[in-house]
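What follows is a short report on a single structure.
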Amino acid sequence: MYEISYIDKMPISMKIKTFLKLKVVTAFFIAAIVGVSVSLNNLYLSIAGVLIGVLFLVLVKSRVNGVLVDERVISVSGRASYAAYAVSTVFFAFMGLFLLMSSKGTGDLAVELIGTVLCYASMLLMAVYAISYHYLNRKYGGHS
Amino acid sequence: MAAIHNRIKVLRAEFGMTQEDLAQKTGVTRQTIFAVEHNKYVPSLELAFKIASVFKQPLENVFNYT
């Protein structure tokens with residue numbers, strides 16, 4: 001409640017630069033809270049810190065006077081996402097296969113487990129990509 | 001090799017407009033206007049029409065494909 005009433009007293013509009021500064025400060029705040037919660041071994045503190053930080057950013061974002069995301073940013077994000085997907089999927093798949101094969105020789109269960117998790121992570125990434133591609137393709141008129 | 005060129009910088013100067021002004025009028029970031037001006041980013045048809053309408057020019061007077 002305190003955060004919301006504080007936000008309500010803020011000026012209606014805010015420059016993008018101010019928002020970006022606040023974003024950095026919030027990131028530091030969340031990192032500090034998570035660090036403290038890890039040292040105190042308190043899970044709830046870290047969850048509360050992250051939630052407060054995210055809520056603060058969402059509320060502040062609505063007060064920004066200016067354009068944060070436009071077509072160029074979306075285009076760049078799309079290409080960056082595809083590059084990240086392509087690299088991480090191939091890396092996870094090969095690393096997982098390598099760990100699985102190497103664990104067969106040594107019989108190390110931990111290595112086998114990590115290899116299995118990486119293979120499934122790779123599969124999950126491909127599934128999410130395929131589903132989102134199918135959805136967006138239909139949304140933007142790609143269906144016959 | 002054919003490419004899309006534009007006269008945004010010249011038109012901005014004629015209208016006494018900054019990149020920030022044009023960005024506000026067209027609803028994009030200043031960085032996007034900079035990228036379009038320097039031919040680093042080809043705008044969508046919608047944005048191209050918006051830019052042309054700000055300068056009250058037909059599209060082909062602002063952008064050309066050569």
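Structure notes:
- For segment A:71-112, heavy-atom accessible area (probe 1.4 Å) falls by no less than 10 Å² from the chain alone to the full protein assembly at A:71, A:72, A:75.
- Ligands, DNA and RNA are left out, and with a 1.4 angstrom probe the accessible area of segment A:71-139 is 74 Å² per residue.
- For residue A:73 and residue A:124, the difference between the fully extended length at 0.36 nm per residue and the C-alpha to C-alpha distance is 15.7 nm.
- Three-way shape call for the protein assembly as shown based on the alpha-carbon gyration tensor, with the a/c threshold at 1.5: oblate
- Solvent-accessible ranking of A:112, B:37, B:20, B:14, largest area first, probe 1.4 Å: B:14, B:20, A:112, B:37
- Annotation: lysines with alpha-carbon distance below 19 angstrom to residue A:15 (same-chain offsets under eight excluded): A:23, A:61, B:25.
- Area buried, chain A against chain B - accessible surface, total, 1.4 angstrom probe, square angstrom: 600 Å²
- Relative contact order of segment A:12-61, pairs being alpha-carbon contacts under 8 Å that are 6 or more residues apart, as %: 39 percent
- About the Cα centre, charge dipole magnitude for the protein assembly as shown (Lys/Arg +1, Asp/Glu -1 at Cβ), debye: 540 debye
- Segment A:71-139 - charge dipole about Cα centre, Lys and Arg +1 at Cβ, Asp and Glu -1, debye rounded to 20: 360 debye
- Relative contact order of segment A:71-139, defined on C-alpha pairs under 8 angstrom at six or more residues apart (%): 32 percent
- Farthest positive-ward along the protein assembly as shown dipole, Cα basis, beta-carbon charges - from B:11, A:43, A:117: B:11
- Largest to smallest accessible area among B:5, A:134 [probe 1.4 Å]: A:134, B:5
- A:14, A:101, A:95, reordered so the largest accessible area comes first (probe 1.4 Å): A:101, A:95, A:14
- Heavy-atom accessible surface of chain A: percent carbon and sulfur, 1.4 Å: 73 percent
- Each residue of segment A:58-67 was assigned a 3J(HN,Hα) from its phi angle through the Karplus curve 6.51 cos²θ - 1.76 cosθ + 1.60 (θ = phi - 60°); the sequence is 4, 5, 5, 4, 6, 9, 6, 9, x, 9 Hz, with glycine and proline shown as x.
- Counting only Cα atoms, segment A:12-61 measures 39, 15, 9 Å along its principal axes, largest extent leading.
- For chain A, a Gaussian network of Cα nodes joined below 10 Å ranks A:49, A:105, A:78 by mean-square fluctuation, and the top entry is A:105.
- For chain B, relative contact order (Cα pairs under 8 Å, six or more residues apart, normalised by length) works out to 47 percent.
- Only protein heavy atoms count here; on that basis, with a 1.4 Å probe, residue A:69 has an accessible area of about 90 Å².
- Of the residues in segment A:40-69, those shielded by at least 50 Å² of accessible area once partner protein chains are present, compared with the chain alone at a 1.4 Å probe, are A:67.
- The per residue volume of the convex hull around the alpha-carbon atoms of segment A:71-139 is 66 Å³.
- Exposure of residue A:116 as accessible area (Å², to 10), given a probe of 1.4 Å and all protein chains: 50 Å²
The values are calculated or read from the model by the stated rules, or taken from the named source; none is laboratory data. Note that the structure is predicted; figures quoted are calculated from it, not measured. Every residue, glycine among them, receives a Cβ derived from its backbone with ideal geometry; neighbour counts consider all protein chains shown. Just the protein is used for accessible areas: all its heavy atoms, side chains included, with ligands, DNA and RNA removed. Shrake-Rupley method; radii C 1.70, N 1.55, O 1.52, S 1.80 Å.
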